[in-house]
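Below: one structure, written as structure tokens.
The values are calculated or read from the model by the stated rules, or taken from the named source; none is laboratory data. Model, not experiment: these values are computed from the prediction. Virtual Cβ from ideal backbone geometry, glycine too; neighbours counted across all protein chains shown.
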Amino acid sequence: MSTVDKMLIKGIRSFDPENKNVITFFKPLTLIVGSNGAGKTTIIECLKLSCTGELPPNSRSGHTFVHDPKVAGETETKGQIKLRFKTAAGKDVVCIRSFQLTQKASKMEFKAIESVLQTINPHTGEVPFP
Ligand SMILES: Nc1ncnc2c1ncn2[C@@H]1O[C@H](COP(=O)(O)OP(=O)(O)OP(=O)(O)O)[C@@H](O)[C@H]1O
């Protein structure tokens, strides 16, 4: 069985683009608790997006999924999700998905800029390069 170890969220919905928010998952169960608007649904949306590549249906094709640049006082924000998991064969893999939301003259432009899977060297813990 494959298992989810950790997830990093930056610049998605209310998650700050400047802070690395890391969620560690526990066995056999992880409870996600928090007040209204704390980000529980966002965590589930990020898990689903990492695993399937599907943006949430209520996100206007990603436009409302990335942290709003206006909230950050910027013209552009970058969003990133990194999911570290163990495959059924016991290999450590990181899935990285990155997005960008830019305020253009009259509209916001959403772009998916990266979607990669990286394996981790089991002896050193390092991601192979290139
Ligand atoms: N694009 C965005 N940019 C900045 N903040 C956003 C964006 N989209 C949503 N938010 C904020 O993110 C929060 C929503 O978080 P989320 O729905 O994950 O919380 P929750 O813990 O599931 O809340 P509830 O318990 O009410 O369901 C709200 O405060 C909302 O204003």
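This table checks each residue for (1) in a loop (DSSP other than H, G, I, E, B); (2) surrounded by fewer than 16 Cβ atoms within 10 Å (Cβ to Cβ); (3) not small (Gly, Ala, Ser).
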position: 62; (1), (2), (3): yes, no, no
position: 78; (1), (2), (3): no, no, yes
position: 83; (1), (2), (3): no, no, yes
position: 94; (1), (2), (3): no, no, yes
position: 97; (1), (2), (3): no, no, yes
position: 106; (1), (2), (3): yes, yes, no
position: 113; (1), (2), (3): no, yes, yes
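How many of the residues in region 48-59 are surrounded by fewer than 18 Cβ atoms within 10 Å (Cβ to Cβ) and closer than 21 Å to residue 93 by Cα? Number of matching residues: 5.
Scanning region 9-41 for residues that are in a helix (DSSP H, G or I) and farther than 22 Å from residue 110 by Cβ turns up just one, 40.
Can you find a residue that is within 13 Å of the ligand (Cβ to nearest atom), more than 20 Å from residue 127 (Cβ to Cβ) and acidic (Asp, Glu) anywhere in region 8-17? So that I can check it myself, show each step before the final result.
The first filter runs over region 8-17 and keeps only residues within 13 Å of the ligand (Cβ to nearest atom), leaving 9-17.
Going one step further and asking which of them are more than 20 Å from residue 127 (Cβ to Cβ), we end up with 11-17.
Then keep just the ones that are acidic (Asp, Glu); that gives 16.
Yes: one or more hits.
Look at (1) surrounded by 17 or more Cβ atoms within 10 Å (Cβ to Cβ); (2) touching a strand residue (DSSP E or B) at 6+ places or on another chain (Cβ under 6 Å) and you find that residue 45 fails only one, number (2). Quick one: is residue 119 polar (S, T, N, Q), modelled with pLDDT under 95 and surrounded by 12 or more Cβ atoms within 10 Å (Cβ to Cβ)? Considered against the rule, which asks whether it is polar (S, T, N, Q), modelled with pLDDT under 95 and surrounded by 12 or more Cβ atoms within 10 Å (Cβ to Cβ), residue 119 comes out as yes. From the residues in region 1-34 that are without any contact (Cβ under 8 Å) to a residue 40 or more places away in the chain and of a type in the set (Lys, Arg), which one is surrounded by the fewest Cβ atoms within 10 Å (Cβ to Cβ)? Checking each candidate, the answer is 27.
Rundown of residues vs (1) away from the ligand (no atom under 16 Å from the Cβ); (2) out of contact with any strand residue (DSSP E or B) (no Cβ under 8 Å at 6 or more places or on another chain), yes/no style:
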{"site": "85", "(1), (2)": "yes, no"}
{"site": "106", "(1), (2)": "yes, yes"}
{"site": "112", "(1), (2)": "no, no"}
{"site": "122", "(1), (2)": "yes, no"}
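Provide a single number: the residues in region 42-60 that are near the ligand (Cβ under 9 Å from one of its atoms) and either in a strand (DSSP E or B) or among the small types (Gly, Ala, Ser) (or both). Reasoning before the result, please.
To start, the set of residues in region 42-60 that are near the ligand (Cβ under 9 Å from one of its atoms) comprises 42-45, 59.
The next check asks that each one be either in a strand (DSSP E or B) or among the small types (Gly, Ala, Ser) (or both); those that pass are 59.
Of the residues in region 42-60, 1 are near the ligand (Cβ under 9 Å from one of its atoms) and either in a strand (DSSP E or B) or among the small types (Gly, Ala, Ser) (or both).
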